[in-house]
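The values are calculated or read from the model by the stated rules, or taken from the named source; none is laboratory data. Here the structure is a predicted model, which is why all the values come from computation and not from measurement. When we count neighbours, we look across all protein chains shown, and the Cβ atoms used for this are built from the backbone with ideal geometry, even at glycine.
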Amino acid sequence: MPDKYVKIHDLDRALSAFGEAPDIVREEVIEATERAGDALTKQLATYPAPPPRSRYVRTGNLRRGWLNAKSIVRDGGGRFATGSSIVMVTYSNPVTYTPYVQGDTRQARIHQGRWDTIGTVQERNEARVRGELETAVRRAALRITTEAGSG
């Protein structure tokens, strides 16, 4: 089962700038991470057109495997803490032949150039994921300043 992840570098440094508000940052970053993972799995679930004159009837198992994939967000123990904060979303397709259709290193020749690999989808969405995370940090900053002003 191929797994991929999005890793946020220097999160500890960013969180230290927020002082007393790590829970707000955590909420926003986790939501953004889940949105990014959901967007990637939807793209992975998209089937290319069948080859010309193909009589093979697709089962839909690969699509269902991605659409039912659960994003698992881990944050090092329930809170962000300087020195141990990690946010990661993983998506895994339980269909046994996924590596041969969409795997980065094991994709079968017949699928090459037709089916996106997991890595290709990830690379194509790198800017989008980064944008989601930047937006999350801005939203957290706005929430923190708004709540600080009302308190």
- Query: If you check every pair at least six apart or on different chains, which have Cβ atoms under 8 Å apart with a residue in region 135-146 that is surrounded by 13 or more Cβ atoms within 10 Å (Cβ to Cβ) first and a residue that is assigned to a helix (DSSP H, G or I) and of a type in the set (Asp, Glu) second?
  - Reply: Ala136/Glu28; Ala136/Glu31; Val137/Glu28; Arg139/Glu28; Ala140/Glu27; Ala140/Glu28; Arg143/Glu28
- Message: So, restricting to helices (runs of 4 or more DSSP H) that lie completely within region 10-111, which ones have at least 3 residues that are at pLDDT below 85?
- Response: 11-16, 22-44
- Task: Output the number of the condition that Thr117 fails; it satisfies all remaining conditions of (1) polar (S, T, N, Q); (2) under 23 Å from Ala49 (Cβ atoms); (3) at pLDDT below 85.
- Result: (3)
